[in-house]
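This report concerns only the one structure given below.
What follows draws every value from the coordinates through simple rules; no lab data is involved. A quick note: this is a predicted structure, and the numbers were derived from the prediction, not measured. When we count neighbours, we look across all protein chains shown, and the Cβ atoms used for this are built from the backbone with ideal geometry, even at glycine.
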Amino acid sequence: NYDDENIRNYKFKHKVVSFAIDCEDADYRAVNIKQKMDWLSCDIVEKATGNSAEIKVKIVGEHNIYNILAAYVLGKVLGLSDSELKEDFLINLKKLLRKRLKQKNSQGTDIPAGGFLWADRRTEKRRN
């Protein structure tokens, strides 16, 4: 999350794919954020190409834009297409990401999904 100055200025030893709402230096940004009743929508713009994808999710609270950005960017890093990411975003994303992670792992490929793996470890700690 490049809106966090500490993260933005940290010297990571690996490739970082960043996202933000306000920071224009991020690789992906959410713009045109709108909450209409129980639907949250935004356009996610990729800095390198200028391409954008409109995402609409049935969820309340603009703070969830960061969750949407993180999930969308992880999907892009794992090679999912915009059409895969946009179709039933919340319902299918978890299934698509798991499928892609299994494919990458079975090929012996390093999985550049540190945030995803960190979230799994955090969940495991809560269960214990």
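A Förster radius of 22 Å combined with the Cβ-Cβ distance from ARG8 to TYR66 puts the calculated FRET efficiency at roughly 0.95.
Seen from every direction in turn and averaged, the convex hull around the alpha carbons of the range 1-89 projects onto 5.8 nm². Remark on LYS47: its backbone amide H falls under 5 Å from those of TYR28, ARG29, a criterion applied only to residues 5 or more positions apart or on other chains, H modelled at 1.01 Å from N.
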